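The values are calculated or read from the model by the stated rules, or taken from the named source; none is laboratory data. No experiment lies behind these values; they were computed from the predicted model shown. FYI the Cβ positions are ideal-geometry reconstructions off the backbone, even for glycines, and counts take in every protein chain you see. SASA here: full protein model, heavy atoms, side chains in, ligands and nucleic acids out. Shrake-Rupley method; radii C 1.70, N 1.55, O 1.52, S 1.80 Å.
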Amino acid sequence: MRNLRNIGFCILSVRRTVCVLSALAVFAVGFSQDYTRLSERTIIGTARYVGMSGAMTAIGGDPSAVTDNPAGLGLYRRAEAMATMDIGIDRTLQTDQETAGKTLRLSLAQASAVFSLGDFSKDDGLIAYNFMISYKRHRTFFRDYYGYAGSGPALAPLLSNADVEWDIAIPYHRTHDSNAFRLYERGQANEFGLDWAMNYSNKLYFGLGLRIHSYSLTEDALYEEVYGKEWLYNKSYVSHSGVGVGLAAGMIYRPLSWLRLGVAIHTPSLGSLRTSTDGKLQTMTDTLGTSNAPLLSFRSTDFHLPVHLSTSAAFQIGAYGMIALQYDLYKQQQSPMIHSLRAGVEVIPVMGMYINAGYACESTFKKEGSPVLMDPTFDRQDVYSQFPRTAQYASVALGYRGTYVMVQAAYQYRWQHIDLFAHENATPYDINATTHRIVFTIGWHR
């Protein structure tokens with residue numbers, strides 16, 4: 001008991017609080033990790049877009065495809081309004097463990113309005129110029145993570161290396177008996193768009209878009225180590241919010257009646273990110289203090305979404321459907337590039353009805369063993385980090401397009417493994433993260 005009280009008095013007397021946990025965070029967390037978490041995207045949109053696994057950069061004619069490639073707006077010949085609801089079941093399960101986190105959510109995936117102007121009676125020259133205003137959900141953060149492990153590297157020895165006088169006789173300096181970690185994530189990344197596109201001779205389509213981004217993410221974490229009948233825990237809360245503005249440009253070219261080639265680029269957004277942190281380090285009998293960070297810390301900094309380049313080819317199979325192949329690349333500052341391969345097929349069994357199926361495989365910004373940079377001027381309480389592995393998608397969709405009404409439905413399954421570290425030296429929890437997504441789209445056109 002005396003040792004525990006000495007620890008508390010020691011920490012509370014140290015004015016240089018930045019030395020305790022920020023030394024841990026050099027590897028585990030930092031603004032580069034904040035950037036990558038908020039920059040990650042998932043394949044969300046209309047049911048047709050989800051059914052094609054997002055492989056629509058060269059196809060267009062769909063509001064979610066237009067948000068990827070503004071040139072796809074040039075293929076519209078009528079005004080249109082569309083909205084999509086997204087039902088998701090997110091599940092996380094640690095390998096070899098029984099306890100799983102499971103969440104159910106309902107959200108608006110997209111909403112859009114298209115205005116089409118032009119002379120569609122001719123086949124040469126400038127035929128049409130169209131406009132679209134839209135909303136799109138890029139990502140929903142709504143997961144509960146749980147991790148459990150036996151004995152392993154402890155948190156306290158790392159704290160003792162942070163230039164603070166710790167009593168090395170305390171039990172928290174040896175290997176603990178077991179540990180547990182839980183993390184609740186909540187938030188979203190949204191995009192509001194204004195697009196313009198032109199149709200030239202039904203062969204060349206060119207488009208420009210303005211993108212306004214908003215993003216928010218809260219992370220509530222608790223890490224606990226058990227030492228016989230005693231325990232030590234680190235509790236943290238982090239909140240991010242911000243806005244940004246970017247541009248998009250794209251082109252679709254039809255050199256042959258059965259071939260479409262598409263390319264699009266999204267510039268980095270200009271924006272800001274506001275982060276607040278809070279938390280404490282505590283034992284069973286004595287509070288050790290509020291760790292290195294002030295009870296509540298705030299920070300505002302510049303934030304830029306990644307450069308996004310998309311290329312695609314679509315092959316028309318007469319009136320029976322099409323096949324699309326696509327490659328996307330994302331480059332975030334201070335992070336490896338993301339590579340995405342997508343493939344989709346559309347079959348038209350009867351006029352007005354279509355069936356879609358798709359598959360996508362994406363790498364991630366984070367790589368195991370890659371450094372995470374920390375801004376030393378900002379105190380952080382959270383000491384955990386995530387290293388997502390490759391994400392995969394499989395999807396199917398069914399749709400009907402009538403004279404005035406469109407109805408679509410899609411199912412998507414997404415799976416991914418994540419190495420979740422409670423702190424720098426901790427053995428990672430192998431987390432299997434899956435999502436079952438059901439999408440409903442309804443639209444009107446004239």
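A few remarks follow.
- Residue within the stretch 170-185 that is outside any strand (DSSP E or B), open to solvent by less than 50 Å² (accessible area, probe 1.4 Å) and at pLDDT 90 or above present: no
- Evaluating residue 251 against the criteria (1) surrounded by fewer than 16 Cβ atoms within 10 Å (Cβ to Cβ); (2) modelled with pLDDT of 95 or more leaves one unmet condition, (1).
- Residue 202 vs. criteria at pLDDT 85 or above, surrounded by 16 or more Cβ atoms within 10 Å (Cβ to Cβ) and not in a strand (DSSP E or B): yes
- Index of the failed condition, residue 365 passing every other in (1) at pLDDT below 95; (2) open to solvent by less than 70 Å² (accessible area, probe 1.4 Å); (3) farther than 22 Å from residue 269 by Cβ: (3)
- Contact map, the stretch 323-352: residues that are over 26 Å from residue 399 (Cα atoms) and polar (S, T, N, Q) paired with residues that are part of a strand (DSSP E or B) and open to solvent by 20 Å² or more (accessible area, probe 1.4 Å), Cβ distance under 6 Å, separation 6+ or inter-chain. No pairs are found.
- Long-range neighbours under 8 Å by Cβ, at least six apart or interchain, first residue under 13 Å from residue 148 (Cα atoms) and open to solvent by 10 Å² or more (accessible area, probe 1.4 Å) within the stretch 415-427, second in a loop (DSSP other than H, G, I, E, B) and hydroxyl-bearing (Ser, Thr, Tyr): 421/384
- The residues on offer are 222, 208, and the sole one that is touching a Gly at 6+ places or on another chain (Cβ under 9 Å), assigned to a strand (DSSP E or B), open to solvent by 20 Å² or more (accessible area, probe 1.4 Å) and touching a residue at least 40 places away in the same chain (Cβ under 8 Å) is 208.
- Criterion violated by residue 112 - all others in (1) more than 25 Å from residue 37 (Cα to Cα); (2) of a type outside the set (A, V, I, L, M, F, W, C); (3) modelled with pLDDT under 90 satisfied: (3)
- Scanning the stretch 335-355 for residues that are surrounded by 15 or more Cβ atoms within 10 Å (Cβ to Cβ) and under 24 Å from residue 40 (Cβ atoms) gives 335, 336, 338, 340, 341, 342, 343, 344.
- Contact map, the stretch 389-404: first residue more than 14 Å from residue 51 (Cβ to Cβ), second residue open to solvent by less than 50 Å² (accessible area, probe 1.4 Å) and assigned to a strand (DSSP E or B), Cβ cut-off under 6 Å, separation 6 or more or different chains; pairs are 391/362; 391/416; 392/361.
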